[in-house]
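S.K.: Below is one structure. I have some questions about it.
The values are calculated or read from the model by the stated rules, or taken from the named source; none is laboratory data. The model shown is predicted, which means the values in this text are computed figures rather than measured ones. Reconstructed Cβ throughout: ideal geometry from the backbone, glycine too, with neighbour counts over all protein chains shown. Calculation scope for accessible area: heavy atoms of the full protein, side chains included, ligands and nucleic acids excluded. Shrake-Rupley method; radii C 1.70, N 1.55, O 1.52, S 1.80 Å.
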Amino acid sequence: MSVVHILIIFVAKLFATNIIAMKSNPFKFGTLVSDPYFTDREKEIKQVESILNSANHLIIIGPRRFGKTSLVFKAMESIHRPILFVDMQLINSSVDLASQLLKKVFRNYPSQKLRTQIRNFRIVPSLTINPISNEIEVMFNPFKASGNAELEDVLNLIDQLGKSHKKPVIILDEFQEVFRIDKNLIRQLRSIMQTHQNCNYVFLGSQESMIREIFEKKKSPFYHFGIVLALEKIPAKLFSEYLSVRLTGIAKNPDLLAKQILEISGSHPYFTQQLAFFVWEVLSFDPKNSIPVDQALDDLIRTQDHTYERLFNTLNTTDRKLMIGMVQSDAQPMSKEFSPQVELLPVSTIYSSLKRLVKEGYLLKNKSSYSIDDVFFKIWLIRRLKG
Ligand SMILES: Nc1ncnc2c1ncn2[C@@H]1O[C@H](COP(=O)(O)OP(=O)(O)O)[C@@H](O)[C@H]1O
Ligand SMILES: [Mg+2]
């Protein structure tokens, strides 16, 4: 290698580290992530691609903020097919779901021909252009609305489009919300979707028990409707490399910091990125800080103080006792060792409290063991109890 080559590599490295060190925080948490914030999931991406390239439907289960939405969108990058994405958390009725799906149809397919097809719907929606987004807004007449006819016509149209165009992928995120929207919706959806051959359905769900109930219980309408993929955390070794590379240039000992971050976050995708973000902030303000992870944790918890306080205050007395018990004891809430934490509460009360806390997202249930979902909420509570 010539001196010029070495010099070029040196300058390139310097430039790269400078970009990482100086420009902007290289960590992202909150909404879905793609490159350059996305890491690993190679095996899962292949699985998703393979299922979507087949005639099967896909179900991804994983706790909140594990990266389900990010994974599907990442896999879709190489698939090049129309995506009709709906977050079920934002849907309030079957008709609303039909409108949102139809809106996404307009986004993906040329609208001229569509209008003719829509004129044949049993209930014809009115279409307007949103002057701000320039997108077509869909509105079914609420006085004529039945829910079923609209949804059936829209979903059948989507399947039809799959015959003459590229097969669409319909992604229904946070699918467990189906129960909140309408108690008949799940049966309705199944009876419509089961006839479709020209599209793939993807269901994402955060409430593991609910989603398993939908897709794995024999008596459920969606029993064995698709292939279930359970998303795990990102392996610590891979996440560590991701962190180290991004901390290089700003930290003297990136490997050690990566290890410390992962020890606290437990390799949880969102919490790892969140803590790493704060570590980077600490170092960018104070490059000589010798305990950036401790400092970052303090900063993070301080910024979350209001949210955690509000979350804790919304809990009833039993739920609070259980949460406090969970941070003070390593024992499982139903065990004898745990019982002093909840005094003499009846087992049925503890059980319904646990169920509620899992449903609200405070606790995670893995097989029969429970843990606090948000590691920083746990640390906040520990510190709070110490006074
Ligand atoms: N593959 C990934 N690589 C790095 N960070 C990720 C990855 N997947 C998720 N994350 C982190 O988790 C956060 C939540 O991801 P998201 O896809 O919204 O999760 P979910 O859909 O399961 O709630 C992201 O903002 C990001 O910080
Ligand atoms: Mg999501």
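S.K.: For region 206-217, state whether one or more residues are open to solvent by 20 Å² or more (accessible area, probe 1.4 Å) and of a type in the set (Phe, Trp, Tyr).
M.R.: Within region 206-217, not a single residue is open to solvent by 20 Å² or more (accessible area, probe 1.4 Å) and of a type in the set (Phe, Trp, Tyr).
S.K.: Name the strands (runs of 3 or more DSSP E) wholly within region 81-168 that hold at least 3 residues that are over 19 Å from Met193 (Cα atoms) and open to solvent by 10 Å² or more (accessible area, probe 1.4 Å)?
M.R.: In region 81-168, 126-129, 136-139 are the strands (runs of 3 or more DSSP E) which contain 3 or more residues that are over 19 Å from Met193 (Cα atoms) and open to solvent by 10 Å² or more (accessible area, probe 1.4 Å).
S.K.: Hey, another quick one. Please find, within region 365-387, the residue that is nearest to Thr317 (Cα to Cα) out of those that are open to solvent by 50 Å² or more (accessible area, probe 1.4 Å) and under 19 Å from the mean Cα position of the chain (by Cα).
M.R.: Among those residues, the one meeting the criterion is Ser371.
S.K.: Turning to a different aspect of this structure: Could you please find all residues in region 49-68 being in a helix (DSSP H, G or I) and either open to solvent by 30 Å² or more (accessible area, probe 1.4 Å) or under 25 Å from Gln160 (Cβ atoms) (or both)?
M.R.: Glu49, Ser50, Ile51, Leu52
S.K.: Within region 178-200, does at least one residue satisfy the condition of being within 16 Å of ligand 2 (Cβ to nearest atom) and modelled with pLDDT of 95 or more?
M.R.: Taking every residue of region 178-200 in turn, at least one turns out to be within 16 Å of ligand 2 (Cβ to nearest atom) and modelled with pLDDT of 95 or more.
S.K.: Name, by its number, the condition in (1) within 18 Å of Ile379 (Cβ to Cβ); (2) assigned to a helix (DSSP H, G or I); (3) of a type in the set (Ser, Thr, Tyr); (4) open to solvent by less than 60 Å² (accessible area, probe 1.4 Å) that does not hold for Thr349.
M.R.: (1) is the only condition that Thr349 fails.
S.K.: Hey, His196 hits all of (1) in a loop (DSSP other than H, G, I, E, B); (2) open to solvent by 30 Å² or more (accessible area, probe 1.4 Å) but one; which does it fall short on?
M.R.: (2)
S.K.: Of these, Leu161, Leu157, which one is farther than 24 Å from Thr69 by Cβ, touching a residue at least 40 places away in the same chain (Cβ under 8 Å) and away from ligand 1 (no atom under 16 Å from the Cβ)?
M.R.: Leu157
S.K.: State whether the residues of region 82-97 include one that is under 21 Å from Leu58 (Cβ atoms), of a type in the set (Asp, Glu) and touching a residue at least 12 places away in the same chain (Cβ under 8 Å).
M.R.: yes
S.K.: With respect to Leu247, is the statement that it is out of contact with any strand residue (DSSP E or B) (no Cβ under 8 Å at 6 or more places or on another chain), more than 30 Å from Asn120 (Cβ to Cβ) and not assigned by TED's automatic domain parsing to the domain that holds Tyr370 true?
M.R.: Yes; evaluated as a whole, the condition is true for this residue.
S.K.: Please find, within region 51-106, the residue that is nearest to ligand 2 (Cβ to nearest atom) out of those that are among the charged types (D, E, K, R) and farther than 15 Å from Glu174 by Cβ.
M.R.: Top of the filtered list is Lys74.
S.K.: Cβ contacts < 7 Å: first residue within 6 Å of ligand 1 (Cβ to nearest atom), restricted to region 56-68; second residue among the aliphatic types (A, V, I, L, M), any location; separation 6+ or different chain. Result?
M.R.: Gly62/Ala230; Gly62/Leu231; Phe66/Leu231; Gly67/Leu231; Lys68/Ile60; Lys68/Leu204; Lys68/Leu231
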